[in-house]
Amino acid sequence: MDREDFSFPVELRLRLPAQFKQVFADPVKSTDRYFTLLAINNDLDHPRLGLAIAKKNIKKAVTRNLLKRTIREQFRLQQQLLTHIDIVVLARRDAGSASPEELRKSLEKHWLRISRRSQEVIETNYQHA
């Protein structure tokens, strides 16, 4: 794999409200004490990531920005695993006080869980078609 495979260009980001609305409509969910991930399958050949880090849950801007950087970095490193998925990550209160290692482990579990569940949804839809 070359350096391009691990980049995080604009095409890999959910940016428009309509894109977020689609994910919130009927998602596959994965939750733990730090994050809630919502995901749907997309028609693209790559995954996309959206972040919803609420001030209500994470008070300090410094902490919110650190969480966003951590989530983006973990997504960037795992994006080959996550094909054809739109994901929105919501941070929970405990994420603000967690260590970077705890966040990384949590996100790795979520990526695997979301990938597996969305693949099951595709297979179920394929069998019913």
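None of the figures in this text is laboratory data; all of them are computed from the coordinates on show. Model, not experiment: these values are computed from the prediction. As a convention, Cβ positions derive from the backbone with ideal geometry for all residues, glycine included, and neighbour counts pool all protein chains shown.
Using the Cα atoms as the points, what is the convex hull volume per residue of the range 3-128 in Å³?
109 Å³
Would you mind telling me the antiparallel percentage of the DSSP bridges in the range 1-109, rounded to 5?
Roughly 65 percent of the DSSP beta bridges within the range 1-109 come out antiparallel.
Name the residue farthest towards the positive end of the dipole of the chain from the options S97, F35, Q22, assuming +1 on Cβ of Lys and Arg, -1 on Cβ of Asp and Glu, about the Cα centre.
With unit charges placed on the Cβ atoms, the residue in question is S97.
Could you give the dipole magnitude of the chain about its Cα centre, charging the beta-carbon of Lys and Arg +1 and that of Asp and Glu -1, in debye to the nearest 20?
Working: 24 positive and 16 negative charges, 203 e Å.
Dipole of the chain, to the nearest 20 debye: 980 debye.
How much FRET efficiency would the formula 1/(1 + (r/R0)^6) give for R116 and K56, where r is the Cβ-Cβ distance and R0 is 25 Å, rounded to 0.05? Present the calculation step by step, with values, prior to reporting the outcome.
On the way: r = 30 Å, r/R0 = 1.22.
According to the calculation, E is roughly 0.25.
So how do D45, D32 line up by other beta-carbon neighbours within 10 Å, fewest first? The partial results should precede the final answer.
Numbers: D45 7, D32 16.
Exposure proxy ranking, most exposed first: D45, D32.
For the range 17-115, what relative contact order do you get, as a whole percent, if you take Cα pairs closer than 8 Å and at least 6 residues apart? The partial results should precede the final answer.
On the way: 152 pairs, mean separation 39.9, N = 99.
The normalised contact order for the range 17-115 reaches 40 percent.
Can you put V28, V121, V89 in order of Cβ neighbours within 10 angstrom, beginning with the fewest?
On the way: V28 21, V121 14, V89 26.
Going from sparsest to densest Cβ surroundings: V121, V28, V89.
Where a Cα-Cα gap under 24 Å defines reach, which lysines qualify for K21, not counting those fewer than 8 residues away within the same chain?
Filter leaves K29, K55, K56, K68.
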